[in-house]
Amino acid sequence: MNKKPFAIEGFPSTINQYHLFVEFLKEGHLLQTIVLIYLDCFAETALKRIVDRLTCQECSQIYNLSYNLPRQENRCDRCGGILFHRPEDSLAYAKKRLQTFKDKTYPVIQLADENLSFFKIRTDSPLKECLTDFNRLLHILDA
C-alpha cells in the first residue's frame, strides 16, 4: 500500500474530537506518524485579514484589501465576477469565531503540543515569508 501524506485542516477542533482522534490513531498504530502544524498569529492580525477579505460571487476566488487586491476594483481577476464581503467576514462575526477558537480549539492545541509532534509557525509576517517558513518545515519533515 502506497502511503502518501495528507493534511486535515481545522480538525480536531474540540477536546472530545481530539481524544477520539488520538484513540483512532493509537488503534491503527498511526500516532507516531501525525504532525500538528499550528499557524499562529496575533488576534488583531487574524481579525484584519478576515474583515479585509473579499470573495467572488461566481468562482469563490478570495482577495484581500490589505495584500491581494484584484486588478479591477470589485471584480474578480479570474472570471470577472463581482466581489463581496461574506456576512461571516464581518468584524462582529470574526470576533465570535476568535472567541470560539480560544474557548474550544486552543485547549486542543495545548494538549497536542504535549502529546504529538508539534510545530508552530508565526503567520504575522507577510504571506511570502509565511510560505517560506511553511515550505522549510515541510522539507525538514520530508527528510
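Pairs of Lys residues in the range 15-137 are counted when their Cα atoms are under 20 angstrom apart and they lie 8 or more places apart or on different chains; the count is 9. For the chain, leaving out every one of the GluC sites (Glu not before Pro) that falls in a DSSP loop and has at most 15 other Cβ atoms within 10 Å, the longest unbroken run is 74-143. Considering only alpha-carbon pairs that sit under 8 angstrom and 6 or more positions apart, the relative contact order computed for the chain is 31 percent.
Model label points for Asp113 and Leu31, set 7 angstrom from Cα along the Cα-to-Cβ axis, are 2.0 nm apart.
Placing pseudo-labels 7 Å out from each Cα toward the beta carbon at Ile15 and Glu88 gives an inter-label distance of 2.5 nm.
Each reported figure results from applying straightforward, stated rules to the coordinates on display, with no laboratory input. Everything numeric in this text was worked out from a predicted model, so none of it was measured. Every residue, glycine as well, gets a Cβ built from its backbone with ideal geometry; the counts of neighbours run over all protein chains shown.
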